[in-house]
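Chemist: Shown below is the structure under consideration.
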Amino acid sequence: MPSSPGHNPSANPHPSASANNPTTSADAPPHYPPPPSASLMSGTLESLSGLGEDGSSVGSDSEINGQVFRRTDKYGFLGGAQYTDTLEKDVSVEVARHREMKWLDMFQSWDKWISRRFPKVKLRCRKGIPSSLRARAWQLLSSSEDLLKSNPGKFEELEREQGDPKWLDIIEKDLHRQFPFHEMFAARGGHGQQDLYRILKAYTIYRPDEGYCQAQAPVAAVLLMHMPAEQAFWCLVQICERYLPGYYSAGLEAIQLDGEIFFSLLRRVCPMAYRHLKKFKIDPILYMTEWFMCIFSRTLPWASVLRVWDMFFCEGVKIVFRVGLVLLKQMLGSVDKLRELQGMYETMERLRNIPPESIREDLLVQEVITLPVTEALIERECSVQVRKWRESRGELTHQPGRRLHGTRAIHELKRRAASISSGGSLSFLGSYVPTSPIDSSAFCHSAAICPQCCGFYRGYLTTRTVSPTYICTCFFYLLFFSLFSSLWSYWGRG
């Protein structure tokens, strides 16, 4: 198993596996005090050597220190591999304004667009969300805005709590590793690192059973580049609980399972790459852990990262699978490319250092859109891999929540929950007489891996006491609803 997508592609992403490793602390910069409050954060600029070709140091508060540093690119990067030093073709002002007006129009009646015109929303996400509206769009796509509104003051309440010192110490040591070439995080103890600390600390208190995983830090940092800390926190919650459940839990079983799914899909999509990796016994967990857990934020040129995130928030984890498969096709999909890779070391180096010119934004997005990997295919392969896992390793020790495939699935879950809470969803079944509790096994074997909706209803109905007639009626209703949902998903799948 690899070790750390949060710092190194081959390191353990969960700190519990590496917190006591002296080699990690030896490589870290000098220790600085934990930041319990903004008033204790000095905001001083630490020197970051090697950022520019002239060797100058860079930082976000250069004006305060009276120094002149290299100009940032359009995304806020001061240097590093994700610095954009080439002039990209920008759309005209008229076209940009026209796109913004379309998105603003969607914002006005968002629920109607998702329920009635979702293919159009998906198309616009694939074209790229206007940068001025990306923060609001990501919150609406993930429904994190609803969480924010339904939990007023919750983030501040979490901030006021002490937190587990074990997690806080690891978070503190990870702050300087998150996009040190970006102006928001270049200053040691600057406002970017303060907010990142607040978000990661709050999540360990919000989900103490999961704690902190190092791969969460770059995800939270990307969100912070676009929105305030409280909004970024709830967006992170949706990613961890709805889009990628179980990815950041101890044991990393979810990412291992998705690694097996990914490798099986690679056999369909690019047999040549599959045979090459199998020949040299390169397990998918060795190269795809950082890709998936960090949602490619450390792998792709920044323009491509934003386009991938736009599609990911709309369509869910299938975008992550597709991007990974496209990268392997680009790197290992021809005889000429494989001729240079005569062993495991050369192959891993190629996958860790993907040339930016081979994954240009327009080419990558087009390949991702056209790749025939659907939600149904992923769920079907998931069922196969879960069965193999149980046969070889036994039951999964951690059962994450059901994975939702993007905006429409989250919207449908929200709509059903609202309907049930108001007593309208099952009202046609009539009243019932409380007599006996429902056995949850009657609905599905494992709600965590069930691709249909019964996992949601199982959690709801097991808290009720109903008559046997009502149980039978609900069962047939759920069976019908599952078939209808499958057909609906198939019609709207791209």
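The values are calculated or read from the model by the stated rules, or taken from the named source; none is laboratory data. What you see is a predicted model; the values in this text were computed from it and never measured. With ideal geometry, Cβ positions are generated from the backbone for all residues, glycine too; neighbour counts draw on all protein chains shown. Surface accessibility is based on the protein's heavy atoms, side chains included, excluding ligands, DNA and RNA. Shrake-Rupley method; radii C 1.70, N 1.55, O 1.52, S 1.80 Å.
Chemist: Looking at the P(r) of region 215-311, how many percent of alpha-carbon pairs lie beyond 17 Å? Let's see the in-between values first.
Modeler: Values: 2662 of 4656 pairs.
Tail of the P(r) past 17 Å holds 57 percent of the pairs.
Chemist: Hey, another quick one. List the aspartates and glutamates whose Cα sits under 15 Å from the Cα of LYS166, skipping any in the same chain fewer than 8 residues away.
Modeler: Counting by Cα, and skipping residues close in sequence, LYS166 has these aspartates and glutamates nearby: ASP174, ASP209, GLU210.
Chemist: Here's something else I'd like to know. Given a 1.4 Å probe and the protein chains all in place, what does the accessible area of MET227 round to, in Å² to the nearest 10?
Modeler: 10 Å²
Chemist: Rounded to two decimals, what is Rg over Rh for region 74-178 when you use alpha-carbon atoms and the Kirkwood radius?
Modeler: Reported Rg/Rh (Cα atoms, Kirkwood Rh): 1.08.
Chemist: Then there's this: Lysine pairs, Cα distance under 18 Å, 8 or more residues apart or cross-chain: how many in region 259-380?
Modeler: On the way: LYS278/LYS329; LYS278/LYS337; LYS279/LYS329; LYS279/LYS337; LYS281/LYS329; LYS318/LYS329; LYS329/LYS337.
Qualifying lysine pairs in region 259-380: 7.
Chemist: Calculate the spin-label point distance for ARG268 paired with SER115, positioning each point 7 Å from the Cα along the beta-carbon direction, and give it in nanometres.
Modeler: 3.2 nm
Chemist: Distance in nm between label sites at ASP146 and SER358, each 7 Å beyond Cα in the beta-carbon direction?
Modeler: Result: 4.2 nm between the two label points.
Chemist: Let me ask another. Students often check this: by mean Cβ neighbours within 10 Å, which of 192-200, 213-221 ranks highest, and how do the rest follow?
Modeler: Highest to lowest by the protection proxy: 213-221, 192-200.
Chemist: Order these peptides, 271-277, 302-308, by their mean beta-carbon neighbour count within 10 angstrom, highest first.
Modeler: Result, highest mean first: 302-308, 271-277.
Chemist: Once phi is turned into ³J(HN,Hα) by the Karplus curve 6.51 cos²θ - 1.76 cosθ + 1.60 with θ = phi - 60°, what whole-Hz value does each residue of region 317-328 show in order, with x for glycine and proline?
Modeler: 5, 4, 5, 4, 4, 5, 4, x, 5, 5, 4, 5
Chemist: Turning to a different aspect of this structure: Give the shape of region 358-423 as rounded, prolate or oblate, defined through the alpha-carbon gyration tensor: a ≥ b ≥ c are the square roots of its eigenvalues, a/c under 1.5 means rounded, and otherwise the shape is prolate if a/b is larger than b/c and oblate if not.
Modeler: It comes out oblate by the Cα gyration axes.
Chemist: Under 14 Å from a point placed 7 Å out from the Cα of PHE107 along the Cα-to-Cβ direction: which residues of region 130-162 have their backbone N that close?
Modeler: 130-141, 145
Chemist: Okay, moving on. Let me check I've understood the local charge: for LEU133, count other residues with C-beta under 14 angstrom from its C-beta, Lys and Arg +1, Asp and Glu -1. What total comes out? Could the numbers behind the result be given before it?
Modeler: Values: positive: ARG97, ARG99, LYS102, ARG124, LYS127, ARG134, ARG136; negative: GLU100, ASP105, GLU145, ASP310.
Taking every Cβ under 14 Å from that of LEU133, the sum is +3.
Chemist: May I ask for the percentage of alpha-carbon pairs in region 269-375 that lie more than 17 Å from each other?
Modeler: Within region 269-375, distances greater than 17 Å cover 50 percent of Cα pairs.
Chemist: Residues with amide H under 5 Å of HIS182's amide H, sequence separation 5 or more or different chain, H placed in the peptide plane at 1.01 Å from N; which?
Modeler: LEU78
Chemist: Okay, next question. With no solvent and one point per C-alpha, what does the Debye sum give as log10 I(q)/I(0) for region 335-393 at q = 0.13, 0.30 Å⁻¹?
Modeler: -0.67, -1.07
Chemist: Report Rg/Rh for region 145-283, rounded to two decimals, where Rg is the Cα radius of gyration and Rh the Kirkwood radius.
Modeler: Rounded to two decimals, Rg over Rh is 1.06.
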